[in-house]
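Below is one structure; the comments refer to it alone.
The values are calculated or read from the model by the stated rules, or taken from the named source; none is laboratory data. This structure is a prediction, so every number in the text was calculated from the model and none was measured. Note: ideal-geometry Cβ built from the backbone for every residue, glycine included; neighbour counts use all protein chains shown. Protein only, heavy atoms only, side chains kept; ligands, DNA and RNA dropped before computing areas. Shrake-Rupley method; radii C 1.70, N 1.55, O 1.52, S 1.80 Å.
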Amino acid sequence: MRMERPKPYLDRTDRALIGLLQKDARLTNKELAARVGIAQSTCSERMRRLERTGVVRGYHAEVDLASLGFGLQALIAVQLQRHERTQVDRFRAYAESLREVVAFYHMAGSDDFLVHVVVRDSDHLRDIAMGAFTSQPEVTHIETSIIFEHTRFWRTPQPDPDEEEAR
């Protein structure tokens, strides 16, 4: 079972730091501090707190998957026999082990999981869908959708200014 972390209070400066890092995680502490108008030592302490509390969970490089030979992306909707913890945990662990899986979502509704895969081509997609997913005993149904275009927005939704002032 996953433990809930207490939600830290984030002020406008914290949110500005997060927004800047989402646009460019390579910004130095000096650049971050200057852009939000705080001292470098204050910026360092805020960043340590954001990392320690789990608000900032990592720093990543965006990679062009096609340049690595993965020319096709798809979403595979997966239904399990029963939506019970052992089957969910088993499928999650299995999906995490597949090198083609870049993201997955545990869902409510008719599908139990939505799995984002990257593959070389349509033959590779068929092999993954038919071999890797339908071969699992807990999987009863899959539905595959090809992704024509994938755009990720590296931003965090900002709270309504009225809500922020109410804090």
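Summary table
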quantity	calculated
Qualifying residues in the range 26-54 (those that are outside any loop (DSSP other than H, G, I, E, B) and of a type in the set (A, V, I, L, M, F, W, C)) - the one surrounded by the most Cβ atoms within 10 Å (Cβ to Cβ)	43
Residue list for the range 134-167, filter: at pLDDT 80 or above, hydrophobic (A, V, I, L, M, F, W, C) and out of contact with any strand residue (DSSP E or B) (no Cβ under 8 Å at 6 or more places or on another chain)	148
Members of the range 83-96 that are free of Cβ contacts under 8 Å to residues at least 12 places away in the same chain and either surrounded by 18 or more Cβ atoms within 10 Å (Cβ to Cβ) or not β-branched (Val, Ile, Thr) (or both)	84, 85, 89, 93, 96
Residue tally, condition over 13 Å from the mean Cα position of the chain (by Cα), of a type in the set (A, V, I, L, M) and surrounded by 12 or more Cβ atoms within 10 Å (Cβ to Cβ), over the range 103-116	1
Test set (1) in contact (Cβ under 8 Å) with a residue 24 or more places away in the chain; (2) acidic (Asp, Glu); (3) open to solvent by 30 Å² or more (accessible area, probe 1.4 Å) - residue 100 fails condition number	(3)
Search result, residues across the range 135-156 that are assigned to a loop (DSSP other than H, G, I, E, B) and surrounded by 14 or more Cβ atoms within 10 Å (Cβ to Cβ)	136, 138
Residues within the range 33-78 that are over 20 Å from the mean Cα position of the chain (by Cα) and either on the phi > 0 side of the Ramachandran plot or of a type in the set (Phe, Trp, Tyr) (or both), tallied	2
First in the range 68-81 and closer than 15 Å to residue 101 by Cα and open to solvent by 40 Å² or more (accessible area, probe 1.4 Å), second anywhere and in a strand (DSSP E or B) and of a type in the set (S, T, N, Q), Cβ under 9 Å, 6 or more apart	75/144; 75/145
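To keep it simple, each residue is scored yes or no on (1) touching a strand residue (DSSP E or B) at 6+ places or on another chain (Cβ under 9 Å); (2) part of a strand (DSSP E or B); (3) of a type in the set (Val, Ile, Thr).
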| residue | (1), (2), (3) |
| --- | --- |
| 56 | no, no, yes |
| 67 | no, no, no |
| 76 | yes, yes, yes |
| 93 | no, no, no |
| 111 | yes, no, no |
